[in-house]
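The values are calculated or read from the model by the stated rules, or taken from the named source; none is laboratory data. This structure is a prediction, so every number in the text was calculated from the model and none was measured. Note that we place each Cβ from the backbone using ideal geometry, even for glycine, and neighbour counts take in every protein chain shown.
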Amino acid sequence: MTQIATEAPREAPRRRTARAYALSAIGPATVTAGIVWALLQPYRLIILHPRDQGFWWLFVEPQLLVILVGALFHFLVVPGLLDDLGEEEEVEQ
Amino acid sequence: MPPPEHVHWLFATGFLALGLFLVAEAVVGREVWRKRRWRAYLWPSTMFAMGLAMWPVMVFFTTSTLHMLAHGAWAEVMMVAGAAELGLASGKLRSPLWRLAIVSAFVVTGVALLVHEQNDWFFQRSAFLHHLLGWTFLAFAIFPLGRVIRPRSTLFASGFALAFVVVAVILFCDRDVAPVFGHLSPLAGTPHR
């Protein structure tokens, strides 16, 4: 052990391939679709005008569900998949 | 009880999730997708769960016998297809012919949709969407069938994934009583939203 700082060798950044870009775009594209739908039909987003609405109208908001699916996919599925894709492509090279 | 359109939207959400999983699998390839065991189980278990969730729909939305039979048929074929794909993913099932379960699910779903929709295309929006869904399932059945014959084909994998996204979009368009392209039969009732 020493108190002299040494620089750790940096890992070469992985080059992102078309497949990686396509994979990374799926979630954001889905979220964008949900946002565009909400902007085009704000009257269908019942949470914006919740007065006198029943539970199901407030709970099941299709535009928000689309956004939720895209976001969950992007943050829960894509990161590990990108790692595995990168490893696979390194092996192929 | 949720209105029927809400049930359609909840299932649309499930189909959208299935579509995204399968699109991702088509993009990276089956080997990369299956590098982590949980991912291999992801879409079959989602489909199985959706089949389970179809049973309460069958039990509680009893507007007609045909409705009940159709929803029961969907519940069964979704569970069978999900279970077959789970068995293949875990290695407990080995014959690729088990993939025909999802083909039969597409065909049974398509036929049940067309048979249980008693009104014509332009009666109202949900009638139109039921006809459209039925023919969509029957037309897209070519992709899961191609997946049985050529499991590594990107074309068939992509078409299979696209089928679920298209079905999700159609289900999200559903409304209980609403016009379709300006058509609404006076027998359908009053559009409420």
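Are there any pairs, at least 6 apart or on different chains, whose C-beta atoms fall under 7 Å, with the first in segment A:72-93 and more than 29 Å from A:THR32 (Cα to Cα) and at pLDDT below 95 and the second assigned to a helix (DSSP H, G or I) and β-branched (Val, Ile, Thr), and if so, which?
Going by the 7 Å Cβ cut-off, the qualifying pairs are A:GLU88/B:VAL32.
Could you check segment B:12-93 for helices (runs of 4 or more DSSP H) lying wholly inside it with 3 or more residues that are touching a helix residue (DSSP H, G or I) at 6+ places or on another chain (Cβ under 7 Å) and either more than 9 Å from every other protein chain (Cβ to nearest Cβ) or acidic (Asp, Glu) (or both)?
B:37-60, B:65-90
For (1) at pLDDT 90 or above; (2) closer than 21 Å to B:THR65 by Cα, each residue gets a yes or a no:
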position: B:ALA75; (1), (2): yes, yes
position: B:LYS92; (1), (2): yes, no
position: B:ARG99; (1), (2): yes, no
position: B:THR109; (1), (2): yes, yes
position: B:GLY146; (1), (2): yes, no
position: B:PHE156; (1), (2): yes, no
position: B:ASP174; (1), (2): no, no
position: B:VAL177; (1), (2): no, yes
position: B:SER185; (1), (2): no, no
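Would you tally the residues in segment A:46-63 being more than 12 Å from chain B (Cβ to nearest Cβ) and modelled with pLDDT of 90 or more?
0
Would you mind stating whether A:ARG10 is modelled with pLDDT under 85, surrounded by 10 or more Cβ atoms within 10 Å (Cβ to Cβ), more than 10 Å from chain B (Cβ to nearest Cβ) and more than 22 Å from B:GLU25 (Cβ to Cβ)?
Answer is no for this residue.
Could you give me the residue pairs with C-beta distances under 7 Å whose first residue belongs to segment B:116-130 and is surrounded by 19 or more Cβ atoms within 10 Å (Cβ to Cβ), whose second residue is part of a loop (DSSP other than H, G, I, E, B) and of a type in the set (A, V, I, L, M) wherever it lies, and which are 6+ apart or on separate chains?
The qualifying pairs are B:GLN124/B:VAL177; B:GLN124/B:ALA178; B:GLN124/B:LEU184; B:ARG125/B:ALA178.
Restricting to segment B:166-193, give me the number of residues that are more than 14 Å from B:ASP120 (Cα to Cα) and surrounded by 17 or more Cβ atoms within 10 Å (Cβ to Cβ).
11
In segment B:55-100, how many are buried (at least 20 other Cβ atoms within 10 Å of the Cβ) and more than 27 Å from B:PRO4 (Cα to Cα)?
Number satisfying all stated conditions: 2.
Among the residues in segment B:136-158, are any hydrophobic (A, V, I, L, M, F, W, C), buried (at least 17 other Cβ atoms within 10 Å of the Cβ), touching a residue at least 60 places away in the same chain (Cβ under 8 Å) and out of contact with any Pro (no Cβ under 6 Å at 6 or more places or on another chain)?
Yes: segment B:136-158 contains one or more residues that are hydrophobic (A, V, I, L, M, F, W, C), buried (at least 17 other Cβ atoms within 10 Å of the Cβ), touching a residue at least 60 places away in the same chain (Cβ under 8 Å) and out of contact with any Pro (no Cβ under 6 Å at 6 or more places or on another chain).
Which number in (1) loosely packed, with under 14 Cβ neighbours inside 10 Å; (2) within 24 Å of B:PHE21 (Cα to Cα); (3) among the hydroxyl-bearing types (Ser, Thr, Tyr) marks the one condition that A:THR30 misses?
Unmet condition: (1).
If I go through segment A:41-71 residue by residue, how many of them are over 23 Å from B:LEU42 (Cβ atoms) and touching a residue at least 24 places away in the same chain (Cβ under 8 Å)?
1
Within segment B:69-79, identify whether any single residue is within 30 Å of A:GLY86 (Cβ to Cβ) and either free of Cβ contacts under 8 Å to residues at least 40 places away in the same chain or within 18 Å of the chain's Cα centre (by Cα) (or both), and answer yes or no.
no
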